[in-house]
Amino acid sequence: MHTQVGIIGAGPAGLMLSHLLHLEGIKSIVLEDRSRGYVENRIRAGVLEQNTVDMLTDSGVGERMKREGMVHHGVELRFGGQGHRIDMYELTGGRAITVYGQHEVVKDLIRTRLDADGQILFEAEAVSVHDLDTSTPKIHFQKDDEDQELTCDVIAGCDGFHGVCRPSIPEGVLTVYERKYPFAWLGILAETPPSSEELIYTYHERGFALHSMRSPELTRLYIQCDPDDDIQDWSDERIWEELHTRLATEEGWALTEGPILEEGRSITPMRSFLVEPMQYGRLFLAGDAAHVVTPTGAKGMNLAVADVRVLAQALAEFYESGRTSLLDRYSETCLHRVWRAQHFSWWMTSMLHRFDDEDVFRHRLQLAELDYVASSQTAAATLAENYVGLPMDYWD
Ligand code: APR
Ligand code: PHB
């Protein structure tokens, strides 16, 4: 089997890349370990920054998002029993976020690719990648219990944090940057209308809590928990009690409860991770395969699609003229945005989580910082411009 660009992984990175390449007249095959049903129903993040919305719209996959996505102009920071609205729209000259589940983006991209006769092989596991430093790299994969080979000009490693691509780069090439945090997020999806029109990020003495949503009927909620917690130990009563306590305000804000859906229940450890460079020979890493950000900044999916936009443009130049100047600079170009998002996500995480119960000084510093962001236009603008996402040409 042969194609121009062999893409491993049908998450937002791999699918968006395949779609953008198709628009440039470049052929690709996507290999995805899981079934179509699995990737289309996996509950993940849900905040699209302005760049992502624009990219989906401009490339013709934004129709359902425009209809069903919820545009938010502001976000709330809550601490000390008070809410403080950050008017992102006002502070950024008219930029906003759209709340639309990552799995909905995945569904839209899969349908668009299949409608255009694009090739996505589901339940096809890439086992290994070869000849990365030649002009004919190869992917060995297994489908229907058969070993197969895909040869291509370029491999795009869009296979997430646990994929095969990053570990296939020879030792000594990559520099790894990593930070683990002493907490995790317990996430739930509840069948109940959101209790607020906008997202609420809360700092509480018992830990972080986030009120988000997926639709007018579905609320998405998170609480900081111990990374070693067993989800079985978190009964529905315990989850709701903790949410009520952490999200409570002095004015008596009310959180509406509803049945918790099993598919949305998860505990996710927090980590910041990235490798430099994001490329080796003819292998290019994109999305979670190259970097993981803490979810507090809502940047994961947005970084994934920003990477592949850069990669698609570089590949368009390569196939048009044979020049590799953009491909050579792929990693450098992406890493400006990636490091900015790493910092923003780390900053939001540091400001909003409970670290060490004994460290009262740190706790007071966090409150002082929250107070500053809530009261200073300048500080709020920093949060706002990062949250809605810096423009695509920001580093040009
Ligand atoms: N062969 C084929 N597919 C693989 C393999 C393999 N060996 N290993 C992993 N995959 C697939 C996974 O099943 C998954 O569907 O690669 C895909 C990677 O997709 P994502 O994890 O969604 O990663 P990405 O596209 O980079 O999107 C990043 O996902 O985890 C969230 O917060 C993160 O929002 C961010 C987004
Ligand atoms: C979500 O809705 O899943 C969500 C929202 C904001 C975040 C992270 C996740 O920062």
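I want to confirm something. Restricting to region 13-50 and keeping residues that are polar (S, T, N, Q) and more than 16 Å from ligand 2 (Cβ to nearest atom), which single residue is nearest to G389 (Cα to Cα)? If you could, list the steps in order and put the result at the bottom.
Step one: list which residues in region 13-50 are polar (S, T, N, Q), which gives 18, 28, 35, 41, 50.
If we keep only those that are more than 16 Å from ligand 2 (Cβ to nearest atom) too, we end up with 18, 28, 35.
Details: S18: 23, S28: 29, S35: 32 Å.
Only one residue tops the list, namely S18.
When region 184-235 is examined, which residues are found to be away from ligand 2 (no atom under 12 Å from the Cβ) and among the aromatic types (F, W, Y)?
Y203, W234
Restricting attention to region 91-148, which residues are surrounded by 12 or more Cβ atoms within 10 Å (Cβ to Cβ) and among the acidic types (D, E)?
Selection gives E104, D108, E123, E125, D131.
Quick test for you: out of V75, V71, pick the one residue that is within 16 Å of ligand 2 (Cβ to nearest atom), of a type in the set (V, I, T) and surrounded by 21 or more Cβ atoms within 10 Å (Cβ to Cβ). First the steps, then the outcome.
On the way: V71 fails: surrounded by 21 or more Cβ atoms within 10 Å (Cβ to Cβ).
Of the residues listed, the single one that is within 16 Å of ligand 2 (Cβ to nearest atom), of a type in the set (V, I, T) and surrounded by 21 or more Cβ atoms within 10 Å (Cβ to Cβ) is V75.
State whether the residues of region 44-54 include one that is away from ligand 1 (no atom under 14 Å from the Cβ) and of a type in the set (S, T, Y).
Among the residues of region 44-54, not one is away from ligand 1 (no atom under 14 Å from the Cβ) and of a type in the set (S, T, Y), which makes the answer no.
Of all the residues that make up region 344-396, how many are under 18 Å from the mean Cα position of the chain (by Cα) and not in a helix (DSSP H, G or I)?
4
Just wondering, is there one or more residues in region 58-68 that are within 18 Å of V308 (Cα to Cα), out of contact with any Ser or Thr (no Cβ under 8 Å at 6 or more places or on another chain) and surrounded by fewer than 19 Cβ atoms within 10 Å (Cβ to Cβ)?
Residues of region 58-68 within 18 Å of V308 (Cα to Cα): 58-62.
Within this subset, residues satisfying the condition of being out of contact with any Ser or Thr (no Cβ under 8 Å at 6 or more places or on another chain) are 58-59, 62.
When the remaining residues are screened for being surrounded by fewer than 19 Cβ atoms within 10 Å (Cβ to Cβ), the result is 58-59.
Yes, there is a match, as at least one residue in region 58-68 is within 18 Å of V308 (Cα to Cα), out of contact with any Ser or Thr (no Cβ under 8 Å at 6 or more places or on another chain) and surrounded by fewer than 19 Cβ atoms within 10 Å (Cβ to Cβ).
Would you check which residues across region 263-311 are on the phi < 0 side of the Ramachandran plot, assigned to a loop (DSSP other than H, G, I, E, B) and within 16 Å of ligand 2 (Cβ to nearest atom) and list them? Spell out the reasoning first.
Taking region 263-311 and keeping what is on the phi < 0 side of the Ramachandran plot, we get 263-280, 282-286, 288-297, 299-311.
Okay, now just the ones that are also assigned to a loop (DSSP other than H, G, I, E, B), so 277-278, 282, 286, 290, 293-294, 299.
Hits for region 263-311 are V293, T294, K299.
Scan region 244-257 residue by residue and report those that are surrounded by fewer than 20 Cβ atoms within 10 Å (Cβ to Cβ) and on the phi < 0 side of the Ramachandran plot. Outline the logic, then answer.
Restricting attention to region 244-257, the residues satisfying the condition of being surrounded by fewer than 20 Cβ atoms within 10 Å (Cβ to Cβ) are 244-245, 248-254, 256-257.
If the condition is that a residue be surrounded by fewer than 20 Cβ atoms within 10 Å (Cβ to Cβ) and on the phi < 0 side of the Ramachandran plot, then H244, T245, A248, T249, E250, E251, W253, A254, T256, E257 are the ones that fit.
Given (1) buried (at least 23 other Cβ atoms within 10 Å of the Cβ); (2) closer than 17 Å to D393 by Cα, where does A289 come up short, assuming only one miss?
With (1) buried (at least 23 other Cβ atoms within 10 Å of the Cβ); (2) closer than 17 Å to D393 by Cα applied to A289, the lone miss is (2).
I'd like to check something: does region 322-329 contain any residue that is of a type in the set (D, E, K, R) and assigned to a loop (DSSP other than H, G, I, E, B)? Walk me through how you get there before you give the answer.
Going through region 322-329, the residues of a type in the set (D, E, K, R) turn out to be 323, 328-329.
Still in the running and assigned to a loop (DSSP other than H, G, I, E, B): 323, 329.
Looking through region 322-329, at least one residue is of a type in the set (D, E, K, R) and assigned to a loop (DSSP other than H, G, I, E, B).
Among the residues of region 341-348, is there at least one that is surrounded by fewer than 16 Cβ atoms within 10 Å (Cβ to Cβ), over 25 Å from T136 (Cβ atoms) and not hydroxyl-bearing (S, T, Y)? Give the steps one after another, and end with the answer.
Initial filter on region 341-348 (surrounded by fewer than 16 Cβ atoms within 10 Å (Cβ to Cβ)): 343.
Narrowing the set further to residues that are over 25 Å from T136 (Cβ atoms) leaves 343.
Among the residues that remain, those that are also not hydroxyl-bearing (S, T, Y) are: 343.
Among the residues of region 341-348, at least one is surrounded by fewer than 16 Cβ atoms within 10 Å (Cβ to Cβ), over 25 Å from T136 (Cβ atoms) and not hydroxyl-bearing (S, T, Y), which makes the answer yes.
Mind listing just one residue for me: the one in region 208-230 that is assigned to a loop (DSSP other than H, G, I, E, B) and surrounded by fewer than 22 Cβ atoms within 10 Å (Cβ to Cβ) and, of those, nearest to the chain's Cα centre (by Cα)? Step through it out loud before you land on a result.
At the first step, the residues of region 208-230 found to be assigned to a loop (DSSP other than H, G, I, E, B) are 208, 216-217, 226-230.
From what is left, the residues that are surrounded by fewer than 22 Cβ atoms within 10 Å (Cβ to Cβ) are 216-217, 226-230.
Numbers: P216: 22, E217: 23, D226: 22, P227: 20, D228: 23, D229: 23, D230: 24 Å.
That would be P227.
Under the condition of being in a loop (DSSP other than H, G, I, E, B) and without any contact (Cβ under 8 Å) to a residue 12 or more places away in the chain, which residue from region 145-181 is farthest from ligand 1 (Cβ to nearest atom)? Break it down into steps so the answer makes sense when it comes.
Of all residues in region 145-181, those in a loop (DSSP other than H, G, I, E, B) come to 145, 152-153, 158-165, 169-174.
Still in the list and also without any contact (Cβ under 8 Å) to a residue 12 or more places away in the chain: 145, 162, 171-172.
Details: D145: 15, H162: 6, E171: 20, G172: 23 Å.
Filtering first and then ranking leaves G172.
No value in this document is a laboratory result; all are computed from the given coordinates. What you see is a predicted model, and the numbers here were worked out from it, not measured in a lab. Cβ atoms come from the backbone with ideal geometry, glycine included; neighbour counts cover every protein chain shown.
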